[in-house]
Amino acid sequence: MQESLEPCCTVLYSAILCYTLHYTLYCIMLMFCSSFDPPVCFYPVEQLPSITDQSPASLIALPFEESFPVKCEATGNPEPEFKWTKNGQDFDPFLDPRLLTQEDSGTFVIPNNGNLTEFQGVYRCYAANKLGTAMSEKIEFIVPNVPKFPKEKIEPIEVEEGQPVILECNPPKGIPPLQIYWMTIGLQHIEQDERVSVGLNGNLYFSNAVQTDSRRDYCCFAAFPRIRTIVQKTSKVLMFILTRFLISTANSILERKPSLLLPSGDRTNKHLVKGEELLLECIGEGFPTPQMEWVKLGQKLPERAVVENHGKLLTIENVNEEDEGKYMCKAINAHGEAVHYFHVTVEEPPEWEVEPKSQLNMIGANVVIECSASGRPTPTVGWRVNGRPLSGTTVYISHSPTAYLRPLILTENGVQYSVVEGKAVMMHCRVFSSPLSAITWREPAESAAGPRFSVYKNGSLEIHSVEREDEGEYSCFTENTEGKSAISAVLEVKAPTRIVDPPQDLRILVGTTAQFSCQAELDPSFSEDYEIIWEKDGVALNDSESTGYIVDDEMLQIVNVSFRDQGVYVCVARSPVDEDSALALLTVLDVPDAPEDVVLAERRDRTVKLKWIPGDDHNSTTTEFIVEFEESQWKPGSWRELMRVPGNHHSALLKLHGHVDYSFRVSGVNEVGRGRSSGASERYRTPASAPDKNPENIKIEGHLPHEMDINWEPLPPMEHNGPGLEYKVSYRRQGSEEDWQEHMVKRHSFVVKNTPTFVPYEVKIQARNHAGWAPEPKTVVAYSGEDFPSAAPDDVEVEVMNNSVVKVSWSRVHKDKLHGHLGGYRVILHPHVLLLPPIYRTTTLHSTSGRGRFPIMPLGLVHASSIYILFFTDEFLYFLSSSRLVNNTEEVGPLESVNITGADTTKWLLQDLEPVSRYRFYLQSCTRAGCGPAASEEKTVYQYKQHDGWFIGLMCAVALLTLIVLIACFVNRNKGGKYSVKEKEDLHPDVESQGMNDDTFCEYSDNDEKPLKGSQPSLTGDMKDRDSGDSMVDYGDEDVHFNEDGSFIGEYGGRKERVSTEIKATNQSTA
C-alpha cells in the first residue's frame, strides 16, 4: 500500500513544487513591475478596478462658475469601463450632447449655460472590467436658488415700555451654514446684552423695551458663506428688513416675574449625531431683566460646555455619549423664575471597528475579509461583490498550499515628508510577505507610540497634530518567520502659512478704484518659494488678460470699477506644503436708478395718490424719495420739490392747491446721493377753491406822525387757489368799542391816514378769491406813526476819566415825551483847542427892538474852531458864536457823532479824545421818526503831565485881558451914554449890501432874513430849550454841521420870523 502511494505522493509533491515556483516567479514579476511609475511589465498583469479620483459628496453649482466637472477616474487591467446612475437610474452622459465627456474617462462636465436645474440630483460612478466593479461614493449635484426674502408689508410695532418684543427676520432658505446679523441702515451692529439678543432663528429679542430702543432702521442681514451670498430685505429686491419700532411710555413700568420667549413649552427633545455641536438656547423676558442659569440634572455640566450670548446659549462641540442627559435652563429675577428642560440624545453614526482591506493573495489561499461596525443604534452590515448585493459577513473560500516569502518593503527608502505644524501626516511602509509580517515604527529617540501615533495594518504611520519635536528620521521595521526588513523616512515640520492681514470688505462708488491688500506669514524655508494668488469667483486674476486688474504680489487694484466687478475676491497664500485663504466682498455703489411706472390714483379735488416702482438702489438702501411737481401757469417747465417720503414707501398722498395744472416726477436718495428722476406723470388739474390761509409777515410802520403804513407778504401765486385774489384790511384802535374799518385792496399794502401819534391799533388781513374767503385771520397789534421826542435827556454829566477818555451820563426821557419807541441816543461832540487870544474884527449888531445900533464889547473866551463873544446892552446879555478868527492858523476840529442803540443805556465812555482840548457835548434821544432836542455840556480834557506852567500862564493872561476889556467897556459906556439904535440904523441904511468890512465886527438888523449862525444860550441859562441856538430840535432830523469858522449850521427856515419876534418881545419887556 505504501509502495503504491509513493508514486502518487511524488506526483503530488512535484505538482505542489511546480505550483510554488510558478507563484514565486509571478510574485517576483509583480514586484518588479510595481517598482516603476508607471508600472512596466513585459507580462500583462490583470488588476481589479480601483477608483482613484472622484468629486466631493456635495457639488454646489455656484452661479458665477463657468462649468462643473463631475469626476470619476479609475485604474484596472483590463481598462475599466464607466457607468453612471442618477437618482438610482441608469444615466449615460455620452448620450447628452450638452455634456462634455472624454474617452477612457468617467468624468463629464456640466457647462453653466443657465439651465442647470435639470442636472440636479445624486450621481454614482461604476468602473468595471472582467475582474470586478469599483463603485464611487454618492455625488450630489446641487443647484442653489438665490436666497430671497418673502415679500411682506412691514407695519410699525408699538409696545409699552418694559414689555417684551420680538423683531422677526424670517431668513430665506439656502445652503447652510446661515449667519444672521442685525444692523442699522448705516451698517452699525445692534448692540446686544443681557436684555437684547439675536436668537439662533435670526429673530431679535428684547426682554423688556426701553425708550432708547425706538428707531426706524432695524435691518436683518442673512449671510450664506458657502455660496458667498449676503442678502438683505427690502420691499423691492428682498435684501433687508426695515422695522419701525415705536415705544409708548406708560405711567409706570410694572415689574413682573420672568417667562421664556424661546423655546416654547416646558421641554424639548434634542437628537444629535456623535461629533456634532450641541446648541441649547433659552431667552427670557421680564422686568427687571432676568439672569440665565444652566444645569445638567444629576451631574455637573461637561467641562467642554461653553455658555455664550450673555448666558442664553449653551454649546458643546463634538458631543459624545457622555453628553447625553437632561439639561435645564433657568431665568431668574427678584420676582421669580422660569425653567425649560432639554432631553439630549446622542446617536453614533456607523463606524468601522474592522474595516475591509484590499488584499493580494495567492491562488488557492484562504481569504478572509473581515468587516465589523459599531454605532447607535446598531448598524446593519451588507456586502456587495462587484456592486451586487451579497449576504453574510464572512466568505470562506477553499485554499491550496501556500508559499512562504520573507518580507519585502515596496515603499522607497529615504522618502522625505513635509508637514505643517498642527496637521496630520501619513508615512507609508507597504510590505509584501508570506506569511504576514509584523510592522513597527520607531522615532529617532524612541518607539512611535502614544495617542497621536497610529500604525495601520497596511504599514502606514499616521501622526496627528504634528509638533516641532516630531521632526527627524523614522524607521519602519517588518519581520516574519522568513526574515526581516527595514526602511527609513525623514519628517520635516514646517510653520503654517497664515494670512495675518486679510483683505477687507469694500463698498465703493462705481467708476472709482478699489484696492485690496493681503499679507501672510509662512515658514522661513519657503521665503523664495511661495506665492500670493488673487481669485474672483474661482478664477485666478494674476495672469488675467483683463486690463481692469492690476496685481502686484500682495496688492490687487481694480481700476474704474463697474458692477461687473462686484463679487467675492479671494487671497490665497500658497507654500509647497499648505495654503491659507481669505475672502473679501466688493460691493459697488451708485445712486438709485430712476423710478418707473409713475401713475396717479385716488384722485380728489385737493389730493391725489402718486404710485411708482423704485429703481435699482445699487447696493445702497434708498432712504427717501423726493416728489417734485411742475405746473403750467406760473412757472412752466420748472420742477419744484413737493414732499419727501421714506425709502420703504412706494406711494404718497399729495396735498395740492386749487386751480393748478400739475405734473409729477419722483427720484430716490441713498447714501451715495440723489438719483435720476423718473419720467413725468400725466397732468392733473385741480378745481378752484377758497384760499387756505391769509397773508403772513404783516408789518405796520409809521413813517409820518399821523399815518400808519400796513404792509404784508402777498400769497404766492400757487396759493391763490383760484382767480380774483384780493385782501380785506380791517383796523380799529385797541381797546375801543369802535366798529372795524374795512377796505378791499388787490395790492399788498395800505396806508391809514389821520391817525393819532403813536397809539395802538388792531389790524387783520383776510384773503378772498372768486371761490370764497380764507379762514378767519389773526389780529395783529401795532402802533401808528411816531414823532420826534419833545424833550432832551436830563441830568447830563460829563466826567473826564483821563487825558483821552470822558464819561457821559444822563437820565432817561419820560415815555410821554418820546412819542414813539425809544431807539437809542446820539452823542455829538465838537472839539475846541484852547489857544492864545486872537485878533478879531469889529462887528455891528442890530437890535430887533428898534432902539437903534449899539457897539459890542468882545470878551476873551477863545477857541480854535469858533469864538464865543460875551456882549451886553442895557437890556440884553447875549452869548453868541459867529465870528471867524482873523489869525486862523489852527484847523477846525471835526464834528463827531456816536449813535447809542441801547434804549436803556444811561452812560457812555468816549475814548481817544485830544488832550488839552475843550469839547462841547450834545445829547439827543431818538425814535424812528428822528431825534429830539439836544442837551449840551462842555468839558476840557487836560493833559496830565508835569511842566504845564505855560498853560497856567496862558489862562491867567486870558483872564487878565478879559478883566481889562470889561473895565474899558464899562468906562466907555459911562462916557457915551445910551446909544440910539435908530441913529445907528440911519447911518447904515443898507447893511446887507455892504457886507463885512474892516471896521465892523457884526451887523444885525430887524429886516435881516438870515438866521444867526451858531447862536448860543444865555449865560444865565434862562433861555428856553426850543429857542436855544444850541437846541438840535431847530435842525429837525438833519445832522448838525459846522461851517468854515466852526459855527453851527442849522435849518432855521420857517423859524426866522419867530426868532425875530421873540427878540423884539424880549426887548420890549426889558425896556
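The values are calculated or read from the model by the stated rules, or taken from the named source; none is laboratory data. Since the model is a prediction, treat every value here as computed from it, not as a measurement. Because the Cβ atoms are built from the backbone with ideal geometry, glycine has one as well, and the counts that use them run over all protein chains shown. Just the protein is used for accessible areas: all its heavy atoms, side chains included, with ligands, DNA and RNA removed. Shrake-Rupley method; radii C 1.70, N 1.55, O 1.52, S 1.80 Å.
For segment 467-500, which positions are surrounded by 15 or more Cβ atoms within 10 Å (Cβ to Cβ), without any contact (Cβ under 8 Å) to a residue 60 or more places away in the chain and farther than 29 Å from Ser581 by Cα?
Tyr474, Ser475, Phe477
Inside segment 520-535, can you point out the residues that are closer than 30 Å to Asp565 by Cα and loosely packed, with under 15 Cβ neighbours inside 10 Å?
Matches in segment 520-535: Glu521, Glu531.
Tally the residues that are under 16 Å from Arg676 (Cα atoms) and part of a strand (DSSP E or B), restricting the search to segment 624-639.
6
Out of segment 534-569, which residues are at pLDDT 90 or above, β-branched (Val, Ile, Thr) and in contact with a Leu (Cβ under 9 Å, 6 or more places away or on another chain)?
Listed by number, the residues that qualify are Ile558, Val561.
Restricting the first residue to segment 630-650 and requiring it to be on the phi < 0 side of the Ramachandran plot, which pairs with a second residue that is basic (Lys, Arg) meet a Cβ separation below 7 Å and a spacing of at least six or different chains?
Trp639/Arg665; His650/Lys611
Taking strands (runs of 3 or more DSSP E) that fall entirely within segment 727-791, which contain at least 2 residues that are within 56 Å of the chain's Cα centre (by Cα) and polar (S, T, N, Q)?
Per the criteria, 760-769.
Yes or no: segment 361-373 includes at least one residue that is open to solvent by less than 90 Å² (accessible area, probe 1.4 Å) and either within 49 Å of the chain's Cα centre (by Cα) or farther than 30 Å from Leu405 by Cβ (or both).
yes
For Pro156, all conditions in the list (1) of a type outside the set (A, V, I, L, M); (2) closer than 22 Å to Asp53 by Cβ; (3) open to solvent by less than 80 Å² (accessible area, probe 1.4 Å) hold save one; what is the number of the exception?
Tallying (1) of a type outside the set (A, V, I, L, M); (2) closer than 22 Å to Asp53 by Cβ; (3) open to solvent by less than 80 Å² (accessible area, probe 1.4 Å), Pro156 fails exactly one: (2).
Within segment 647-668, which residues are over 29 Å from Pro717 (Cα atoms) and open to solvent by 20 Å² or more (accessible area, probe 1.4 Å)?
Asn648, His649, His650
Looking only at segment 587-623, count how many residues are open to solvent by less than 50 Å² (accessible area, probe 1.4 Å), in a strand (DSSP E or B) and under 21 Å from Asn670 (Cα atoms).
6
So, in segment 753-787, how many residues would count as being in contact with an Asp or Glu (Cβ under 7 Å, 6 or more places away or on another chain), more than 15 Å from Lys693 (Cα to Cα) and of a type outside the set (S, T, N, Q)?
The qualifying residues number 4.
So that you can scan it fast, the table gives a plain yes or no per residue for (1) small (Gly, Ala, Ser); (2) farther than 30 Å from Asn458 by Cβ; (3) open to solvent by less than 50 Å² (accessible area, probe 1.4 Å); (4) in contact with a Leu (Cβ under 7 Å, 6 or more places away or on another chain):
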residue: Ser264; (1), (2), (3), (4): yes, yes, no, no
residue: Val307; (1), (2), (3), (4): no, yes, no, yes
residue: Leu314; (1), (2), (3), (4): no, yes, yes, yes
residue: Ala331; (1), (2), (3), (4): yes, yes, yes, yes
residue: Pro350; (1), (2), (3), (4): no, no, no, no
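Taking Gln741 as meeting all but one of (1) polar (S, T, N, Q); (2) open to solvent by less than 60 Å² (accessible area, probe 1.4 Å); (3) without any contact (Cβ under 8 Å) to a residue 12 or more places away in the chain, write down the number of the exception.
Failing condition for Gln741: (2).
Report the residue count in segment 661-701 for those that are among the hydroxyl-bearing types (Ser, Thr, Tyr) and assigned to a strand (DSSP E or B).
Residues in segment 661-701 being among the hydroxyl-bearing types (Ser, Thr, Tyr) and assigned to a strand (DSSP E or B): 4 in total.
What are the pairs with Cβ atoms under 8 angstrom where one residue, in segment 930-957, is open to solvent by 50 Å² or more (accessible area, probe 1.4 Å) and the other, located anywhere, is β-branched (Val, Ile, Thr) and modelled with pLDDT of 75 or more? Sequence gap at least six, or different chains.
Glu937/Val796; Glu937/Val798; Glu937/Val808; Lys939/Val798; Lys939/Val800; Lys939/Val806; Tyr942/Val800
Just the residues that are part of a loop (DSSP other than H, G, I, E, B) and charged (D, E, K, R), please, taken from segment 208-223.
Correct list: empty.
Tell me which residues, restricted to segment 406-429, are surrounded by 17 or more Cβ atoms within 10 Å (Cβ to Cβ) and part of a loop (DSSP other than H, G, I, E, B).
Once the filter is applied, which keeps residues that are surrounded by 17 or more Cβ atoms within 10 Å (Cβ to Cβ) and part of a loop (DSSP other than H, G, I, E, B), segment 406-429 yields His428, Cys429.
Hey, can you tell me all the residues within segment 744-790 that are open to solvent by less than 40 Å² (accessible area, probe 1.4 Å), among the small types (Gly, Ala, Ser) and touching a Lys or Arg at 6+ places or on another chain (Cβ under 7 Å)?
Result: Ala774, single match.
Suppose we filter segment 96-136 for residues that are under 18 Å from Asp53 (Cα atoms) and surrounded by fewer than 13 Cβ atoms within 10 Å (Cβ to Cβ); how many remain?
Residues flagged as under 18 Å from Asp53 (Cα atoms) and surrounded by fewer than 13 Cβ atoms within 10 Å (Cβ to Cβ) within segment 96-136 amount to 3.
Just a yes or no: is a residue in segment 719-739 at pLDDT 90 or above, touching a Ser or Thr at 6+ places or on another chain (Cβ under 8 Å), aromatic (Phe, Trp, Tyr) and under 12 Å from Pro695 (Cα atoms)?
no
Counting only residues that are outside any strand (DSSP E or B), modelled with pLDDT of 90 or more and within 26 Å of Glu161 (Cα to Cα), how many does segment 311-334 have?
Counting residues in segment 311-334 that are outside any strand (DSSP E or B), modelled with pLDDT of 90 or more and within 26 Å of Glu161 (Cα to Cα) gives 2.
If you take the residues of segment 266-275 that are farther than 11 Å from Val344 by Cβ and of a type outside the set (A, V, I, L, M, F, W, C), which of them is most open to solvent (accessible area, probe 1.4 Å)?
Arg267
If we scan segment 731-740, do we find a residue that is of a type outside the set (D, E, K, R) and touching a Pro at 6+ places or on another chain (Cβ under 9 Å)?
Yes, segment 731-740 has at least one match.
Is it the case that Val796 is open to solvent by 20 Å² or more (accessible area, probe 1.4 Å), modelled with pLDDT under 85 and among the aliphatic types (A, V, I, L, M)?
Criteria met by Val796.
Within segment 171-187, which residues are more than 12 Å from Pro144 (Cβ to Cβ) and open to solvent by less than 70 Å² (accessible area, probe 1.4 Å)?
Those that are more than 12 Å from Pro144 (Cβ to Cβ) and open to solvent by less than 70 Å² (accessible area, probe 1.4 Å): Pro171, Ile180, Trp182, Met183, Thr184, Ile185, Gly186, Leu187.
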